[in-house]
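Worksheet: the structure to be examined is printed underneath.
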Amino acid sequence: MLRRTSLLCTLVFVAAAGVAQAAPARQTTAANARRLVQINYMTWPEIYDAIHEDGKTTVLVYNGGTEQRGPQCVLGGHTLMGEATARAIAEKLGNALVAPTMPFSITGVTEEHPGGISVTPETFIAVNEEVVDSMVKNGFKNIILMGDHGGGQKELAEVAKKKDAQYGPQGVHVYFCGDVYAKANDEFNQYLIAHHLPVSTHAGISDTSEMMYLDEAQWVRVDKIAVGDPVPKPGEKPVHTVNNGITGDARGSSKALGKIQFDMKVNAAVSQIRGFLAGQASQH
């Protein structure tokens, strides 16, 4: 019995020692923290150094959203895609950090398709204005507003115009990057048309494919991908015949298409943001 107890203690000690030795490999060190771009996963000294030593004076403020996305996609889609998109944009820019992605937008909520969270345009504007104020106090010189949801694009443009006028005299600029949504979606729709695939307006190939590409196992119920209500033509009222939350047809969704959509968003945003910063530099 004594020998068994001794052996057990030895095994526990060895296992603990192994965990202790392995732990540093899983920790973030000061060296690899320099590669982080998401404020949520950084300490304040890391953020300070990124701004003042590494020149990351641009911050991306991405608005996501929480709404139903058909029977196949989780409701946090806009926020999840937004976080991944903003991170990729910041990494490609090389001079930017990413603010926490905001999970609420101007959308609709129904008991029939539960789970959504909607805020009024006034609330949406007020929150984004105060986030901009915070980013100015944090020391950022360029604040980029973006949104993954159609509702709120106009409001973000208004906030950027108002806040740029307020902070411009201090050498701080606020921009609205609309290309990450409008331009990228237009490009992807043209790609779908060219490849004889249906264009959707909600929870169709675009949304579903991108979420499959980013994390199919957790975000998309692949056995629930389906066709939904027809996409209304300009001027027509929506027709709710299937009424499963999809407007269009999600059945052609794939990871490959998701990567194309994701890359279009990142490239469109990077190009527009670089244009903002280049235009600013030419004025000095």
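The values are calculated or read from the model by the stated rules, or taken from the named source; none is laboratory data. As the structure is a prediction and not an experimental result, all values here were calculated from the model. Every residue, glycine among them, receives a Cβ derived from its backbone with ideal geometry; neighbour counts consider all protein chains shown.
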Pairing a residue in the stretch 73-91 that is hydroxyl-bearing (Ser, Thr, Tyr) and at pLDDT below 95 with any residue that is assigned to a helix (DSSP H, G or I) and surrounded by fewer than 20 Cβ atoms within 10 Å (Cβ to Cβ), where Cβ atoms lie under 7 Å and the two sit 6 or more apart in sequence or on different chains, gives none
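Report, by residue number, each residue of the stretch 235-264 that is of a type in the set (Ser, Thr, Tyr), in contact with an Asp or Glu (Cβ under 9 Å, 6 or more places away or on another chain) and within 17 Å of Asp215 (Cβ to Cβ). It would help to see each step written out before you state the result.
If we filter the stretch 235-264 for residues that are of a type in the set (Ser, Thr, Tyr), which is where we start, we get 241, 247, 253-254.
Filter once more, so that each one left must be in contact with an Asp or Glu (Cβ under 9 Å, 6 or more places away or on another chain): 241, 247, 253.
Answer for the stretch 235-264, where residues must be of a type in the set (Ser, Thr, Tyr), in contact with an Asp or Glu (Cβ under 9 Å, 6 or more places away or on another chain) and within 17 Å of Asp215 (Cβ to Cβ): just Ser253.
Closer than 30 Å to Thr107 by Cα, at pLDDT 50 or above and either under 24 Å from the mean Cα position of the chain (by Cα) or not basic (Lys, Arg) (or both): which single residue out of Arg69, Arg34 fits that description?
On the way: Arg34 fails: closer than 30 Å to Thr107 by Cα.
That would be Arg69, the only listed residue that is closer than 30 Å to Thr107 by Cα, at pLDDT 50 or above and either under 24 Å from the mean Cα position of the chain (by Cα) or not basic (Lys, Arg) (or both).
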All but one of (1) β-branched (Val, Ile, Thr); (2) surrounded by 22 or more Cβ atoms within 10 Å (Cβ to Cβ); (3) in contact with a helix residue (DSSP H, G or I) (Cβ under 8 Å, 6 or more places away or on another chain) hold for Val119; state the number of the condition that does not hold. (2)
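Table: residues versus (1) among the aliphatic types (A, V, I, L, M); (2) in contact with a strand residue (DSSP E or B) (Cβ under 7 Å, 6 or more places away or on another chain); (3) assigned to a helix (DSSP H, G or I).
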residue	(1), (2), (3)
Glu129	no, no, yes
Asp133	no, no, yes
Met146	yes, yes, no
Glu155	no, no, yes
Lys163	no, yes, yes
Gly168	no, no, yes
Ala184	yes, no, yes
Asn189	no, no, yes
Val199	yes, no, no
Scan the stretch 81-135 for residues that are more than 17 Å from the chain's Cα centre (by Cα), at negative phi and of a type in the set (Gly, Ala, Ser) and jot them down. Gly108, Gly116, Ser118, Ala126, Ser134
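Looking at the stretch 77-115 only, could you name the residues that are of a type in the set (Ser, Thr, Tyr) and part of a helix (DSSP H, G or I)? Don't jump to the end; show me each part of the working.
Residues of the stretch 77-115 that are of a type in the set (Ser, Thr, Tyr), as a first pass: 79, 85, 101, 105, 107, 110.
Across the stretch 77-115, the qualifying residues are Thr79, Thr85.
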